[in-house]
Amino acid sequence: MENGHDRNNTFFRFEDLRIYHKALNYAQWINNATTVSAAEQNHGLIERFNTSSHNIVLNIAEGSARNKSQFIYYLKMSKSAVRECLVFTSIFHNLGLFDDADENDSRNQLMEMTKMLGALISSLQRSANRREEENNGNNIDDEQAREE
């Protein structure tokens with residue numbers, strides 16, 4: 001069991017993805033970290049940071065229900081949300097809402113998620129390319145059979 005979910009009995013495909021759980025943990029970490037540093041004048045900034053961290057997870061979940069090319073699109077949207085979180089991390093550090101340890105922790109988690117998302121995107125693209133090549137090969141064989 002990981003994060004309270006039995007990996008063998010998941011109904012939703014995204015729950016089997018390590019990146020989903022990593023992103024979910026990051027969203028919770030951001031929620032906790034920004035609650036501690038919550039200040040009245042920074043409420044809008046905190047809300048936007050939390051939204052960006054949630055968008056990482058939401059795009060993974062939404063994309064997993066789509067075809068491969070759409071899933072890749074949503075994973076790229078997750079990577080965009082990661083970059084937004086990196087900007088918010090820098091802003092929070094500059095405003096003194098994150099100390100050096102929080103900034104480093106956030107950056108490390110974001111770098112790891114970027115690598116994981118990139119690897120998943122590459123894997124899906126390779127798989128899609130192989131399938132396309134196989135289909136093109138089959139079409140050529142079909143055309144040759146018709147000519148004979």
Legend entry - All positions within the stretch 8-37 that are farther than 17 Å from residue 103 by Cβ, modelled with pLDDT under 85 and surrounded by 12 or more Cβ atoms within 10 Å (Cβ to Cβ): 10
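Please enumerate the residues belonging to the stretch 103-121 that are without any contact (Cβ under 8 Å) to a residue 40 or more places away in the chain, closer than 12 Å to residue 83 by Cα and among the polar types (S, T, N, Q).
The initial filter retains those residues of the stretch 103-121 that are without any contact (Cβ under 8 Å) to a residue 40 or more places away in the chain, namely 103-104, 107-108, 111, 114-115, 118-119.
Still in the running and closer than 12 Å to residue 83 by Cα: 107, 111, 114.
Once the filter is applied, which keeps residues that are without any contact (Cβ under 8 Å) to a residue 40 or more places away in the chain, closer than 12 Å to residue 83 by Cα and among the polar types (S, T, N, Q), the stretch 103-121 yields only 114.
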Inset, instruction - Evaluate the following for residue 115: is it surrounded by fewer than 16 Cβ atoms within 10 Å (Cβ to Cβ), touching a Leu at 6+ places or on another chain (Cβ under 8 Å) and closer than 26 Å to residue 14 by Cα? - result: no
Inset, instruction - Kindly indicate which of 67, 104, 108 is modelled with pLDDT under 95 and exposed (fewer than 15 other Cβ atoms within 10 Å of the Cβ). - result: 67
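Restricting the stretch 38-49 to residues that are surrounded by fewer than 18 Cβ atoms within 10 Å (Cβ to Cβ) and closer than 14 Å to residue 86 by Cα, which is modelled with the highest pLDDT? I'd like the intermediate steps shown before the answer.
Filtering the stretch 38-49 for residues surrounded by fewer than 18 Cβ atoms within 10 Å (Cβ to Cβ) gives 38-45, 47-48.
Still in the list and also closer than 14 Å to residue 86 by Cα: 45, 48.
Working: 45: 92, 48: 96.
In this case the residue turns out to be 48.
The values are calculated or read from the model by the stated rules, or taken from the named source; none is laboratory data. As the structure is a prediction and not an experimental result, all values here were calculated from the model. Cβ: placed from backbone, ideal geometry, glycine included. Neighbour counts: every protein chain shown.
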